[in-house]
Amino acid sequence: MKCTTIIACSLVLLLAGCEPSTKITKTWMDPSLTPETAQAYKKVLVIAGFRDQSTRRIAEDKIVAAFKNVKGVQSYTYLQPIDTIRGVVEDRLEKDGFDGVVAMHLADVDKSLSYVPGTTYYGWYGYGWGGSPGYYQQDKTYYVETSLYSLESKKLVWSGTTSSLNPGKVDRALDEIIATLKGQLQKQKLIK
């Protein structure tokens, strides 16, 4: 009986460990937006507002690659340091055939402590032996906000925030965030 309990607990822990670490925490969509207008996006500028230039470029490249039915252009290939006046940039974007802007940025990092209980191994008589003590670990949750702006209406049409708990490598975390966002945008019929 104890062996069955240990196996069942192990399976529960294994399945819990398979849970994705990135989730959508909130979304907002312009109530006047319809599937027809949402699917009209043909060319968007992709801006990843991260401080680290390497992370910014990686994120923009990954977003462009993920959204195959929309032509995406990375901001690092399009914008220049002198492009600081919003109206001038919007006019240039419209002239160049853009109809939207996708902007991503790190909104917040939340630090918290969690307790990881220790383990005890049980023999076949039910007596506990060995194991490891419990400990506290610091968790970091990264909140990334991504927004879709319409150049035609000059307004925000969709915004979503993802949370990623203790992401490992930046590259993998970005893949999870983008896949989660893509799924949500497809679910809401904003992209194909």
Q: Could you list, in sequence order, all residues of the range 53-100 that are under 17 Å from the mean Cα position of the chain (by Cα) and not aromatic (Phe, Trp, Tyr)?
A: 55, 56, 57, 58, 59, 60, 61, 62, 63, 64, 65, 66
Q: Working only within the range 41-92, note down all residues that are assigned to a helix (DSSP H, G or I), within 22 Å of residue 192 (Cβ to Cβ) and of a type in the set (A, V, I, L, M).
A: 59, 63, 64, 65, 66
Q) Of these, 53, 74, which one is under 23 Å from residue 173 (Cβ atoms), surrounded by fewer than 17 Cβ atoms within 10 Å (Cβ to Cβ) and free of Cβ contacts under 8 Å to residues at least 40 places away in the same chain? A) 53
Q) Under the condition of being surrounded by 19 or more Cβ atoms within 10 Å (Cβ to Cβ) and of a type in the set (Ser, Thr, Tyr), which residue from the range 152-164 is farthest from residue 90 (Cα to Cα)? A) 164
Q.
I need a count of the residues in the range 146-158 that are hydroxyl-bearing (Ser, Thr, Tyr) and either over 12 Å from the mean Cα position of the chain (by Cα) or at pLDDT below 90 (or both).
A. 3
Q: Show the residue pairs that are 6+ apart or on different chains and have beta-carbon atoms under 8 Å apart, the first residue being within the range 165-192 and on the phi > 0 side of the Ramachandran plot and surrounded by fewer than 20 Cβ atoms within 10 Å (Cβ to Cβ), the second being basic (Lys, Arg) and not in a helix (DSSP H, G or I).
A: 166/140
Q) Any chance the range 26-48 includes a residue that's over 15 Å from the mean Cα position of the chain (by Cα), at pLDDT 75 or above and among the basic types (Lys, Arg)? A) yes
**Q.** Output for the range 80-110, where each listed residue is in contact (Cβ under 8 Å) with a residue 12 or more places away in the chain and of a type in the set (A, V, I, L, M)
**A.** 93, 101, 102, 103, 104, 106, 107, 109
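The values are calculated or read from the model by the stated rules, or taken from the named source; none is laboratory data. Keep in mind it's a predicted model, so treat the numbers as computed, not measured. Cβ: placed from backbone, ideal geometry, glycine included. Neighbour counts: every protein chain shown.
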